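Just below is one structure, and these are the notes that go with it.
Read the figures in this text as sums done on the coordinates, not as results from a lab. This is a predicted model, so every value here is computed, not measured. Counting neighbours? That spans all protein chains shown, and the Cβs are built from the backbone with ideal geometry, glycine included.
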Amino acid sequence: MNWLRLVLIVVGSGVVSSLTDWCFAGDWIHRRFTYPEIWRQGAEGRAIALTSPLPFLTCAVFAYVAARLGLHSVSGAAKLAVAVWLIGPLPLILTNAAFVKLHRVFVVSYSIGWLIKLLIVAVAVGWFLR
C-alpha cells in the first residue's frame with residue numbers, strides 16, 4: 001500500500017466531501033427545512049470545529065478498508081460505498097427521522113449527501129490507490 005497516495009486521497013476526498021456536507025445539510029437547507037426547536041441555540045462555531053474532522057475520518061477509514069480488501073477499481077470501491085451506506089448512514093438517518101422531528105427534505109438531502117460522500121472517496125480510491 002502506498003501510504004503517500006492514501007494520505008493524499010484522504011485529504012483530497014475529505015475536503016471535497018466536507019463541501020458536500022455543506023451543500024446537502026448546510027445553511028440553505030438548515031434554514032428552510034428544519035424545525036428551529038430541534039437545534040441548539042447560540043453560536044455553532046464549537047460544533048462546527050468538533051465535527052469538521054469527521055469527513056476526513058470517514059474518508060481515511062473507507063480508503064484504508066478498500067485498500068486492505070484489494071479494491072482498486074472504481075466499480076469495486078463504489079459497490080463498497082453503497083454497501084456501507086446501506087449498512088450505516090441510511091438506516092441511522094431514517095431511524096432518527098422516525099423518532100426525531102426532522103423535515104423530509106432534510107432527511108432525503110442528508111441521506112443523499114452521505115451516499116455522495118462515500119462515492120467521492122470510492123472514486124478517489126479507484127483512480128489513485130494502485
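What the phi angles of the stretch 119-130 give under the Karplus curve with 6.51, -1.76 and 1.60, with θ = phi - 60°, is a coupling list of 5, 4, 5, 5, 5, 4, 5, x, 7, 10, 9, 10 Hz, glycine and proline written as x.
Remark: relative contact order (the chain) = 48 percent; criterion is Cα-Cα distance under 8 angstrom and separation of 6 or more residues. Taking Cα centre as origin and charging only the Cβ of basic (Lys, Arg, +1) and acidic (Asp, Glu, -1) residues, the dipole magnitude of the chain rounds to 160 debye. Based on the Kirkwood approach, the hydrodynamic radius assigned to the chain is 15.5 Å, with every pair of different Cα atoms included. Annotation: peptides 46-59, 100-113, ranked by per-residue average of other Cβ atoms within 10 Å with the highest first, follow the order 100-113, 46-59. Taking the average, over residues, of other Cβ atoms within 10 Å as the packing measure, peptides 36-45, 4-13 rank 4-13, 36-45 from highest down. Here residue 64 and residue 15 are evaluated by their C-beta separation; at R0 = 25 Å the FRET efficiency comes out at 0.90.
Packing, as the average of other Cβ atoms within 10 Å across residues, places the peptides 77-85, 118-126 in the order 118-126, 77-85, highest first.
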